[in-house]
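Novice: Structure provided below as structure tokens; questions to follow.
The values are calculated or read from the model by the stated rules, or taken from the named source; none is laboratory data. If you're wondering where the values come from, they're calculated on a predicted model, not measured in any experiment. In this analysis, Cβ positions are derived from the backbone assuming ideal geometry, glycine residues included, and neighbour counts consider all displayed protein chains. These accessible areas exclude ligands, DNA and RNA; they are computed on the full protein's heavy atoms, side chains included. Shrake-Rupley method; radii C 1.70, N 1.55, O 1.52, S 1.80 Å.
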Amino acid sequence: MSIKRIDSVPMNASSPIVNVRISDADNAAIVFDTSSCLVLPGFVDVHVHLREPGFSYKETVATGTAAAARGGYTAVCAMPNLNPVPDSDEHLAVQEKLIRENAKIDVYPYGAITVGEKGEEMAELEVMAPRVIAFSDDGKGVQSDAMMREAMLRAKAQGKIIAAHCEDNSLLRGGCIHDGAYAKAHGLPGICSESEYGQIARDLRLAAETGCAYHVCHISTKESVALIREAKAAGVNVTCETGPHYLIMNDSMLEDDGRFKMNPPIRGEEDRLALLEGIADGTIDMIATDHAPHSAEEKAGGLRGSLMGIVGLETAFPLLYTNLVLPGIITLDRLTELMCTTPAKRFGIPAGFENDCYTVFRTDTEYTIDPQEFLSMGRNTPFTGWKVRGACALTVCRGKIVYDDGSLPRRREINQ
């Protein structure tokens, strides 16, 4: 079936339409009744790990994008910590082929900043620039000031963003969770906040010096918010993201289970509140999941012995809608900006209703998050058992149905 959206009634978060019409090749249309639902622009996630090539036992392009579609996403940006790392024309081509053959929604690859993400030699930035969304060594902070300055200058010359995972390796000291009350109470090595915000401060100085478009990945500390707020006021070309888990959890909620281990870690309550303040005043531009699936074995070592990372594509909207929108902490329109409008604009991604990218959520009933129902191969979520509202019923990407749970009332009509 050749599918496209033909309904011309304007849609937005505050005024959902009653019906969505999808035409097929037989001069007919499927009409979905969305009168009891939220119809929203398709979400854009600029920070997702699809794990292919190299780690298909964790996730594949097919399963990761299916999970994204189920979460209401119509575009994702795929991080470069792969095997081979997309650091050259040849290596990027391996990832591009997998995306072309398997992606269910729009996927935009990142190019690595350095060869193998090792921080020792610059990757082929100029060669990759026309085919990547931005440059990042995600999972690893660029330790050398000179290397980051060169990367910014070369990215600027290509009109590309540097998206930085900010982490000073010299300050990690074997930490596994936030260096806070839970770590002290349980005798666990902590990850200090300065390991994040110290490198952000350095990068902001370099961004001001070079004029590079700079984006900070997954911020988690109150100091990071303050630094970025100050840099924006000074005219630095900087945006940033945080994740759902940093906005609705603090380290008092941790358990000694690999499901609660991610990088950066869940911080203290003061940090969470500062992030919410950054959401409110516009310092934080977007919410990204940092979807990072691992195998059950890799997450079975508790907080000390598990790999870092959690999945988030299928839970982001219901968690944020339930815990931020329904209590009145932010509006639905603001959440839509954070999950679609701003990331799409910053990264130049076609999205929203004008590109026939939208999603439909049922919010009338509460349900319990069960990772065994995920379409993602990853099950590593700290939100198992949480009760939420906002189940995705339908996602349409560029006029094509990419997810349909079958719950919406529908009928078939012959087009006149």
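Novice: Before I look further, what does the chain give for accessible area per residue, probe 1.4 Å, in whole square angstrom? The partial results should precede the final answer.
Specialist: Working: 15620 Å² over 416 residues.
On a per-residue basis, the chain sits at 38 Å².
Novice: Given 4 °C and 1.567 mPa s, how large is the Stokes-Einstein diffusion coefficient of the stretch 82-210 in µm²/s, with Rh as the Kirkwood radius over Cα pairs? Walk me through the numbers on the way to the answer.
Specialist: Working: Rh = 16.0 Å.
Taking Rh from Cα pairs, D becomes 81 µm²/s.
Novice: Let me ask something else about it. How much length is gained if the chain between Asp370 and Asp256 is pulled fully straight, taking 0.36 nm per residue apart and subtracting their Cα-Cα distance, in nm to one decimal? Don't jump to the answer; show the numbers that get you there.
Specialist: Details: separation 114, 0.36 × 114 = 41.04 nm, distance 1.93 nm.
Length difference between fully extended and current span is 39.1 nm.
Novice: Set the Förster radius R0 to 51 Å, insert the Cβ-Cβ distance between Val94 and Ile414 as r into 1/(1 + (r/R0)^6), and round the FRET efficiency to 0.05.
Specialist: That gives a FRET efficiency of 0.65.
Novice: I would also like to ask the following. Can you tell me the equivalent ellipsoid semi-axes for the stretch 257-361? Use √(5λ) from the Cα gyration tensor, largest first, whole Å. Spell out each step's value before the answer.
Specialist: Numbers: eigenvalues 151, 67, 33 Å².
Three semi-axes, in Å: 27, 18, 13.
Novice: Can you give me the long-range amide H partners of Asp137? Hydrogens built in the peptide plane at 1.01 Å from N, cutoff under 5 Å, separation of 5 or more residues or another chain.
Specialist: Hits under the 5 Å cutoff: Ile113, His165.
Novice: Rounded to whole Å, give me the distance from the Cα center of the stretch 137-186 to that of the stretch 105-128.
Specialist: Cα centroid to Cα centroid, the span is 15 Å.
Novice: Hey, could you grab the Kirkwood Rh for the stretch 362-415? Inverse mean 1/r over distinct alpha carbon pairs, Å, one decimal. Don't jump to the answer; show the numbers that get you there.
Specialist: Working: mean 1/r = 0.0740 Å⁻¹.
Radius from the Kirkwood sum: 13.5 Å.
Novice: Quote the charge dipole size of the chain about the Cα centre in Debye, to the nearest 20; the model charges only the Cβ of Lys and Arg (+1) and of Asp and Glu (-1). Intermediate results must be reported in sequence, preceding the final value.
Specialist: Numbers: 41 positive and 57 negative charges, 143 e Å.
So the dipole magnitude of the chain works out to roughly 680 debye.
Novice: While we're here: In whole Hz, with x marking every Gly and Pro, tabulate ³J(HN,Hα) for the stretch 94-106 from phi via Karplus 6.51 cos²θ - 1.76 cosθ + 1.60, θ = phi - 60°.
Specialist: Here the 3J(HN,Hα) series is 4, 5, 4, 5, 4, 5, 4, 7, 10, 6, 9, 9, 6 Hz.
Novice: Could I ask something else about it? If you count, for each residue, the other Cβ atoms within 10 Å and average over each peptide, how do 163-172, 369-378, 43-52 line up from highest to lowest?
Specialist: 43-52, 163-172, 369-378
Novice: State the percentage of accessible surface on the chain attributable to carbon and sulfur atoms; use a 1.4 Å probe and exclude ligands, DNA and RNA. Intermediate values should be presented prior to the final figure.
Specialist: On the way: 7730 of 15620 Å².
C and S atoms contribute 50 percent here.
Novice: Helix 61-70 versus the longest principal axis of the chain: what angle, 0 to 90°, nearest 10, using Cα atoms?
Specialist: The helix 61-70 is inclined about 60 degrees to the chain.
Novice: Can you tell me the Rg and the Dmax, both Å, for the Cα atoms in the stretch 140-187?
Specialist: Radius of gyration, then largest Cα-Cα span, for the stretch 140-187: 16.0, 49 Å.
Novice: Using the basic label-point model (7 angstrom from Cα toward the beta carbon), what is the Arg173 to Leu273 distance in nanometres?
Specialist: 2.6 nm
Novice: Can you list residues whose amide H is under 5 Å from Asp257's amide H, if they're 5+ apart or on another chain and H is modeled 1.01 Å from N?
Specialist: Those lying under 5 Å, H to H, from Asp257 are Leu303.
Novice: Compute the distance in nm between two label points, each set 7 Å from the Cα along the Cα-to-Cβ direction, one at Glu120 and one at Lys345.
Specialist: Using points 7 Å along Cα→Cβ, the separation is 4.3 nm.
Novice: Still on this structure: Short version: ³J(HN,Hα) in whole Hz for each residue of the stretch 287-293, in order, from phi by Karplus 6.51 cos²θ - 1.76 cosθ + 1.60 (θ = phi - 60°), x for Gly and Pro, what are they?
Specialist: Each residue of the stretch 287-293 in turn: 10, 10, 7, 6, 3, 9, x Hz.
Novice: Among the listed pairs Lys160/Lys222; Lys156/Lys261; Lys58/Lys232, which have their C-alpha atoms separated by more than 31 angstrom in this model?
Specialist: Numbers: Lys160/Lys222 28 Å; Lys156/Lys261 34 Å; Lys58/Lys232 37 Å.
The pairs that break the limit, which is 31 Å between Cα atoms, are Lys156/Lys261; Lys58/Lys232.
Novice: Please give the calculated 222 nm ellipticity per residue for the chain, where each DSSP H segment of at least 4 residues contributes -39500 (n - 2.57) and the sum is spread over every residue; nearest 500 deg cm²/dmol? Write out the running numbers ahead of the final one.
Specialist: Details: 13 runs with 113 residues, N = 416.
Value at 222 nm, helices only, nearest 500: -7500 deg cm²/dmol.
Novice: Compute the length gained on full extension between Ala185 and Ser295: take 0.36 nm times their separation in residues and subtract their Cα-Cα distance, giving the result in nm to one decimal. Provide the component values of the computation, followed by the final result.
Specialist: Details: separation 110, 0.36 × 110 = 39.60 nm, distance 2.86 nm.
36.7 nm is the gain from fully extending Ala185 to Ser295.
Novice: From the residues Gly312, Gly352, Leu375, which one has its Cα farthest along the dipole of the chain in the positive direction, the dipole being from +1 and -1 charges on Cβ of Lys/Arg and Asp/Glu about the Cα centre?
Specialist: Highest projection toward the positive end goes to Gly352.
Novice: Give the percent of DSSP beta bridges with both residues in the chain that are antiparallel, rounded to the nearest 5.
Specialist: 60 percent
Novice: Here's something else I'd like to know. Give me the one-decimal nm value for the distance between modelled label points at Glu354 and Asp281, 7 Å along each residue's Cα-to-Cβ direction.
Specialist: So the two model labels end up 3.1 nm from each other.
Novice: To continue, here is another question. Let me understand the stretch 195-266 better: what is its radius of gyration from the alpha carbons, and its Dmax, in angstrom?
Specialist: Expressed in Å, the Cα Rg and Dmax of the stretch 195-266 come to 13.9, 43.
Novice: Quick one: Karplus J couplings for the stretch 352-365, per residue in order, coefficients 6.51, -1.76, 1.60, θ = phi - 60°, nearest Hz, x for Gly and Pro?
Specialist: Once θ is set to phi - 60°, the couplings for the stretch 352-365 become x, 4, 5, 10, 6, 10, 7, 9, 10, 10, 8, 10, 7, 10 Hz.
Novice: Oh, and also: Can you list the residues, at least 5 places off or on another chain, whose amide H is less than 5 Å from the amide H of Cys77, using H built in the peptide plane?
Specialist: Asp45, Val46, His47, Val48, Tyr108
Novice: Of all alpha-carbon pairs in the chain, indicate the percentage at a distance above 39 angstrom. Provide the component values of the computation, followed by the final result.
Specialist: Numbers: 12842 of 86320 pairs.
So the portion of pairs separated by more than 39 Å is 15 percent.
Novice: Of Val107, Gly301, Gln199, which is farthest along the charge dipole of the chain in the positive direction, counting Lys and Arg as +1 and Asp and Glu as -1 at C-beta?
Specialist: Value computed over the given set: Val107.
Novice: For the chain, with a Gaussian network of springs between Cα atoms less than 10 Å apart, report the residue from Glu59, Glu270, Glu96 with the top mean-square fluctuation.
Specialist: Largest GNM mean-square fluctuation: Glu270.
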